[in-house]
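Data block below; observations after.
The values are calculated or read from the model by the stated rules, or taken from the named source; none is laboratory data. This structure is a prediction, so every number in the text was calculated from the model and none was measured. Reconstructed Cβ throughout: ideal geometry from the backbone, glycine too, with neighbour counts over all protein chains shown. When the accessible area is computed, the model is the full protein with side chains, heavy atoms only, and any ligands, DNA or RNA have been set aside. Shrake-Rupley method; radii C 1.70, N 1.55, O 1.52, S 1.80 Å.
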Amino acid sequence: MKFKFLNSAWQELKNSALKFPAFFSGTIVAAVSATLSVCSNDIFSGQYEALRKSGASYDSEPYSALRERENAFSENASFLALSAVWCCAASFFAEMLCRFLCAKKDIQGKKKALIHAAGQVLSALLSVPIFFLLKSESDWRPFVYGSTMFIFVAMGLWMLHKFQDEEKVVPNAVVSLVMQGITVTCLVLGLLLVIFAFKNLIYSFSNNIPFAACFFFSSFVIGMNLLVSCVTRPRERVSIPKAFNVIVSCALLPIYAMLLLVLYVYFAVTFKKF
């Protein structure tokens, strides 16, 4: 079996990583940070258990200090996830600006590659002050964050509309958005089913980290990168048959393969007991 369904997904992700390296890196950081933020209680559960066994009361100072550390950890992780998403929007805008200017000025070769690299590096660097802005107590945080995100996405789509076939940009964006929404939904539900089967058939665990990681990695790393790869595909309409082919190749078939793997491992463990 040649696993063509994995090759299709890999090519889309590779395309996103090469053309939008800051975007791709941002999705990974966002997925990891969001998982850590949501699962902070699971991460600190060992320390809570140690305090409980030591006889410390829930209202004691050690418990209060530990809760403060957990809240600070969760808050910082959520701010890091938000700044990583901002980096993704900035990376998209920088790449669209690079393509727009190079098309207008007929810039090619090493100079174009240099502009592309500079835009991606600048996007990543600018996300650092955004992180510290989110950590601050400024009332301007929602306005600055939301308005810059909107400008980056809107201007990026406008430039994409200008230098590509204007009749195909909007249909590509709409179909790609719907397609990736369905793909991510199938992927998340399928992976949750795989983890549930693994937990009940092979190895039981008590924390929620695998479930949260499944959701955020599917949404950010898979969904967002497939979306930007499809939306920015030059002069090619993303047709409905193509959309369902991506859904099947990137979500349903890999999930089916993983479920089979879980069942094979379960059978192997069961037979080994006899």
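Take every Cα-Cα pair in segment 9-83 and report what % of them are more than 21 Å apart. When all Cα pairs of segment 9-83 are counted, 46 percent exceed 21 Å.
Per-residue accessible area for Arg67 at 1.4 Å probe radius, Å² rounded to 10? Looks like 60 Å² after rounding.
Going 7 Å from the Cα of Met155 toward and past its Cβ, which residues in segment 105-119 have a backbone nitrogen under 18 Å from where you end up? Counting backbone N atoms under 18 Å from the label point, the list is 105, 115-119. Accessible area per residue (1.4 Å probe, heavy atoms of protein chains only) ranks Thr27, Thr148 as Thr148, Thr27, with the largest value leading. A DSSP coil position with no more than 14 other Cβ atoms inside 10 Å describes the following GluC sites (Glu not before Pro) in segment 64-141: Glu137.
With the simple model of a label 7 Å out from the Cα in the direction of the Cβ, Glu61 to Lys104 spans 6.3 nm.
The residues Tyr145, Tyr58, sorted by heavy-atom accessible surface at 1.4 Å with ligands and nucleic acids left out, run Tyr58, Tyr145 from largest to smallest. Electrostatic tally near Phe131: other residues with Cβ closer than 13 Å to its Cβ, Lys and Arg +1, Asp and Glu -1, net +1. The gain in end-to-end length when the Leu125 to Arg52 segment is fully stretched comes to 22.0 nm, 0.36 nm per residue minus the alpha carbon separation. When nucleic acids and ligands are ignored and a 1.4 Å probe is applied, Met96 ends up with an accessible area of around 0 Å².
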